[in-house]
Amino acid sequence: MFWYKIKRQAQGLPANERKTAAQIAVLEEAYRTQPYPDGEDVEGVAESTGLTRDQVRAWFQTKRVNTGQTELNDSRLFAGPPVAIAAAREKHKRLRKELC
């Protein structure tokens, strides 16, 4: 068992608690406004959602990671114009045939 689960259980809390739709709405709005909140912003979001500062910080960190991966995947999918991608595929096929 992980240390944070033991800590939560010692406090009489469940090991993992999902956030409510209202909490997520507040977190999403705060993220759109400021993806890298400072201490005061984290405090404000924590107070308005009823979450701890650590939970808010962890949510923001996870959100930034997931958003970055999505943007990275999107940029890989649309790396160039379709014509250039099709031309590269054709060139690759032609070279494979020549080598075989």
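The slack in the chain from Ala21 to Ala86, taken as 0.36 nm per residue of separation less the alpha-carbon distance, amounts to 19.1 nm.
A simple rule links phi to the HN-Hα coupling: the Karplus curve 6.51 cos²θ - 1.76 cosθ + 1.60 with θ = phi - 60°, which for segment 38-52 gives 8, x, 5, 5, 4, 4, x, 5, 4, 5, 6, 9, x, 9, 7 Hz, with x for Gly and Pro. Ignoring lysines fewer than eight residues from Lys19 along the same chain, the ones with Cα atoms less than 19 angstrom from its Cα are Lys5, Lys7, Lys63. Sorting 42-55, 17-30 by average packing, meaning the other beta carbons within 10 Å per residue, from highest down gives 42-55, 17-30.
Here the 3J(HN,Hα) profile of segment 58-67, calculated from phi with Karplus coefficients 6.51, -1.76 and 1.60 at θ = phi - 60°, is 5, 4, 4, 5, 5, 4, 5, 5, 5, 5 Hz, Gly and Pro shown as x.
Read-outs throughout are calculated quantities, based only on the coordinates presented, and are distinct from any laboratory measurement. This one's a predicted model, so the numbers in the text were calculated from it and none came from an experiment. Because the Cβ atoms are built from the backbone with ideal geometry, glycine has one as well, and the counts that use them run over all protein chains shown.
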